[in-house]
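Taking it in order: structure first as structure tokens, then the write-up.
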Amino acid sequence: MKFVSTNKNTPSVTSLEAMKRGLAPDGGLYMPESVPVLNAHFWKSLHRFDFTEIAFRMAQPYLQSELSEQALQSVVNDAFDFPLNLKGLKNGHHILELFHGPTLAFKDFGARFMARLFSESADIDQADVTILVATSGDTGSAVARGFYKVPGVRVCLLYPKGKVSPLQEKQMATLGENITALEVDGVFDDCQSLVKEAFVDDELNQKLRLSSANSINIARLLPQSFYYAFAIAELQRKGINNVAFSIPSGNFGNLTGGLLAKKMGLPVTKFIAATNVNDAVPQFLRGAGFTPKASVQTISNAMDVGNPSNFARMLYLYEESENALRDEIEGFSYSDSQTIETIRNVFEKEHYLLCPHTAVGYRASSEFRKIDQATSAALVTLATAHPVKFRDVIEKELEIEIPIPESLKDDLQREKKSILMGSSYEEFRSFLIGY
Ligand SMILES: *Cc1c(COP(=O)(O)O)cnc(C)c1O
């Protein structure tokens, strides 16, 4: 299968090439030239398959010309060796728990799939690849864990100083070996700009083979379509076929994964884009133009993105029709105090603890339910992180204690090994050249 750039200004490449490059040379994001549609029978009989079978079948059309069936099967089995589940709450709400991987956030799906694809694709170790990744927290830890000790791959991750949680920092900045963490004196958007600038720096790219593991990498995006089908499979088992998904969003990779699944044939009634006050996309969906802004810091910090890069992909999937996109997705945004209120309400009424990101998604589901006259769809909110990752803020606001799982206790003991850096490109560039 061929992949093209959303900027449409560079030749198409194979899926593995798109994955190794990350960003396309024209600065666009790679997308499949045409989205493969799986047959209707498959979508109707999802209930017969478990998650890894669904993942294999959905990945196959993208990768079958480059990877043997056996290799793809082992990528899928190794990447997704942790559970996921759909939990029913009251009033037709469901929570798709995507946080049972090693770093307790949904980003383990994308990062682990990508890392295993890298180790399966043979020519990687002939020339070392340097993966650059800008992170607002969860990407960094998932990528660091996913690629730790993968031969032929070095990972350099950039995170904003003082703007990730202590646990996130421990999970990404303590590994060493092939993982280097740069603590940037700036915000997430500065980190993202540094990485983007490096990718279009021709001279640098002649010296280093750069790749990206941000959600701009197509290898991270693809697996983020699989679990939407898993949720539908679970609901089919209950006789439910009319489903809306609410996605707590920052860079919109997760939501784009859902749109991709729908284009492949997955029956989805509606998508709900849920953000914190970084609301460029909800504003757009309500009819304004798309206006990126500087990011604002919130308690759902993995969604503090002012200029979501996957917006270009969302438009691409709808043939650049802004109105088609507005028909498909409903957008809502919430303040930190509304987020806390939702965590408290759901905890009191349902004894279920949401992380701040998931709370934004849940609240958007509830609001959609109120305004939705037309669909009466069952609601699935993607739970993007385990609440324990944000225990500081939750414990303080709710005056409860959240027990720490054993695996996290180990993470918290480790010593930070990051390198402090300013936010100028020159400084970053000379670091990379000497790296
Ligand atoms: C990354 C992240 C998000 C946002 O996902 P996008 O794909 O960037 O929209 C939401 N919640 C958590 C916990 C995350 O780590």
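The values are calculated or read from the model by the stated rules, or taken from the named source; none is laboratory data. On a predicted model such as this, the values are computed, not experimentally measured, just so you know. For neighbour counting, all protein chains shown are included, and Cβ atoms are generated from backbone atoms with ideal geometry for every residue, glycine included.
Only one of 12, 65 is within 30 Å of residue 195 (Cα to Cα) and hydroxyl-bearing (Ser, Thr, Tyr). Can you tell me which? Steps first, answer last, please.
Numbers: 65 fails: within 30 Å of residue 195 (Cα to Cα).
Of the residues listed, the single one that is within 30 Å of residue 195 (Cα to Cα) and hydroxyl-bearing (Ser, Thr, Tyr) is 12.
Mind checking which residues of the stretch 100-115 are surrounded by 24 or more Cβ atoms within 10 Å (Cβ to Cβ) and either out of contact with any helix residue (DSSP H, G or I) (no Cβ under 6 Å at 6 or more places or on another chain) or outside any loop (DSSP other than H, G, I, E, B) (or both)? Steps first, answer last, please.
First, the residues of the stretch 100-115 that are surrounded by 24 or more Cβ atoms within 10 Å (Cβ to Cβ): 103-115.
Hits for the stretch 100-115 are 105, 106, 107, 108, 109, 110, 111, 112, 113, 114, 115.
Pull up the stretch 293-312, narrow it to residues that are within 11 Å of the ligand (Cβ to nearest atom) and assigned to a helix (DSSP H, G or I), then point me to the one that is surrounded by the fewest Cβ atoms within 10 Å (Cβ to Cβ). Talk me through it step by step, then tell me what you get.
Initial filter on the stretch 293-312 (within 11 Å of the ligand (Cβ to nearest atom)): 300-305, 308-311.
Subsequent filtering for residues that are assigned to a helix (DSSP H, G or I) retains 301-303, 311.
Working: 301: 23, 302: 30, 303: 28, 311: 21.
The extreme case among them is 311.
Somewhere in the stretch 81-92, is a residue farther than 20 Å from residue 15 by Cα, of a type in the set (Asp, Glu) and away from the ligand (no atom under 16 Å from the Cβ)?
Taking the stretch 81-92 as the starting set, the residues that turn out to be farther than 20 Å from residue 15 by Cα are 81-92.
Filter once more, keeping what is of a type in the set (Asp, Glu): 81.
Then keep just the ones that are away from the ligand (no atom under 16 Å from the Cβ); that gives 81.
Yes.
Would you tally the residues in the stretch 349-364 being buried (at least 24 other Cβ atoms within 10 Å of the Cβ), more than 12 Å from the ligand (Cβ to nearest atom) and not aliphatic (A, V, I, L, M)?
Just the residues of the stretch 349-364 that are buried (at least 24 other Cβ atoms within 10 Å of the Cβ), to begin with: 354-364.
This time we only want the ones that are more than 12 Å from the ligand (Cβ to nearest atom), so: 362-364.
If we keep only those that are not aliphatic (A, V, I, L, M) as well, we get 362-363.
Here the count works out to 2.
Within the stretch 365-388, track down each residue that is within 16 Å of the ligand (Cβ to nearest atom) and among the small types (Gly, Ala, Ser).
Step one: list which residues in the stretch 365-388 are within 16 Å of the ligand (Cβ to nearest atom), which gives 365, 380-388.
Within the stretch 365-388, 365, 383, 385 qualify.
Here is a check on your reading of the model: is residue 205 under 20 Å from residue 118 (Cα atoms) and away from the ligand (no atom under 16 Å from the Cβ)? Don't jump to the end; show me each part of the working.
On the way: under 20 Å from residue 118 (Cα atoms): yes; away from the ligand (no atom under 16 Å from the Cβ): yes.
Yes.
So that you can scan it fast, the table gives a plain yes or no per residue for (1) over 17 Å from residue 165 (Cα atoms); (2) over 23 Å from the mean Cα position of the chain (by Cα); (3) assigned to a loop (DSSP other than H, G, I, E, B); (4) touching a residue at least 12 places away in the same chain (Cβ under 8 Å):
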position	(1), (2), (3), (4)
374	yes, yes, yes, no
379	yes, no, no, yes
388	no, no, no, yes
391	no, no, no, yes
394	no, no, no, yes
412	no, yes, no, yes
415	no, yes, yes, yes
420	no, yes, no, yes
423	yes, yes, yes, yes
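Answer with yes or no whether residue 133 is touching a Gly at 6+ places or on another chain (Cβ under 9 Å), in a loop (DSSP other than H, G, I, E, B) and among the hydrophobic types (A, V, I, L, M, F, W, C).
Working: touching a Gly at 6+ places or on another chain (Cβ under 9 Å): yes; in a loop (DSSP other than H, G, I, E, B): no; among the hydrophobic types (A, V, I, L, M, F, W, C): yes.
Taking the combined requirement at face value, the residue does not satisfy it.
Could you grab the pairs with beta carbons closer than 6 Å, sequence gap of 6+ or different chains, first residue in the stretch 163-175 and without any contact (Cβ under 8 Å) to a residue 60 or more places away in the chain, second one crowded, with 20+ Cβ neighbours inside 10 Å and in a helix (DSSP H, G or I)?
Taking only residues 6 or more apart or on different chains, the pairs are 172/140; 172/141; 172/144.
Go through 245, 290, 284 for me and flag whichever is hydrophobic (A, V, I, L, M, F, W, C), in a loop (DSSP other than H, G, I, E, B), touching a helix residue (DSSP H, G or I) at 6+ places or on another chain (Cβ under 8 Å) and more than 12 Å from the ligand (Cβ to nearest atom).
Answer to the check: 290.
Pairs needed: first member in the stretch 213-233, on the phi > 0 side of the Ramachandran plot and touching a residue at least 40 places away in the same chain (Cβ under 8 Å); second member anywhere, assigned to a helix (DSSP H, G or I) and away from the ligand (no atom under 13 Å from the Cβ); C-beta distance under 9 Å; at least 6 residues apart or different chains.
Close Cβ pairs satisfying both conditions: none exist.
For the stretch 201-242, how many residues meet the condition of being of a type outside the set (A, V, I, L, M), in a helix (DSSP H, G or I) and over 21 Å from the mean Cα position of the chain (by Cα)? Break it down stepwise before answering.
Going residue by residue through the stretch 201-242, those that are of a type outside the set (A, V, I, L, M) are 201-203, 205-207, 209, 211-212, 214-215, 217, 220, 223-228, 230, 234, 236-239, 241-242.
Narrowing further to those that are in a helix (DSSP H, G or I): 202-203, 205-207, 220, 223-228, 230, 234, 236.
Now restrict to residues that are over 21 Å from the mean Cα position of the chain (by Cα): 202-203, 205-207, 234, 236.
Here the count works out to 7.
Only one of these conditions is not met by residue 326: (1) touching a residue at least 60 places away in the same chain (Cβ under 8 Å); (2) basic (Lys, Arg); (3) closer than 30 Å to residue 7 by Cβ. Which number is it?
(1)
Residues in the stretch 80-96: is at least one of a type in the set (D, E, K, R) and under 23 Å from residue 22 (Cβ atoms)? First the steps, then the outcome.
Applying the first criterion (of a type in the set (D, E, K, R)) to the stretch 80-96 yields 81, 87, 90.
When the remaining residues are screened for being under 23 Å from residue 22 (Cβ atoms), the result is none.
Checked against the condition, which is being of a type in the set (D, E, K, R) and under 23 Å from residue 22 (Cβ atoms), the stretch 80-96 yields no hits at all.
Please work out if residue 335 is more than 16 Å from the ligand (Cβ to nearest atom) and under 19 Å from residue 390 (Cβ atoms).
yes
Tell me, yes or no, whether the stretch 252-260 has at least one residue that is in a loop (DSSP other than H, G, I, E, B) and at negative phi. Before you say what the answer is, go through the steps one by one.
Restricting attention to the stretch 252-260, the residues satisfying the condition of being in a loop (DSSP other than H, G, I, E, B) are 252.
Applying the additional criterion that residues be at negative phi yields none.
No, the stretch 252-260 contains no residue that is in a loop (DSSP other than H, G, I, E, B) and at negative phi.
Taking the stretch 396-410 only, how many residues are touching a residue at least 24 places away in the same chain (Cβ under 8 Å), surrounded by fewer than 16 Cβ atoms within 10 Å (Cβ to Cβ) and β-branched (Val, Ile, Thr)?
Looking only at that region, the number is 1.
Residue check: is residue 428 surrounded by 18 or more Cβ atoms within 10 Å (Cβ to Cβ), under 26 Å from the mean Cα position of the chain (by Cα), at pLDDT 95 or above and away from the ligand (no atom under 16 Å from the Cβ)?
On the way: surrounded by 18 or more Cβ atoms within 10 Å (Cβ to Cβ): yes; under 26 Å from the mean Cα position of the chain (by Cα): yes; at pLDDT 95 or above: yes; away from the ligand (no atom under 16 Å from the Cβ): yes.
Yes.
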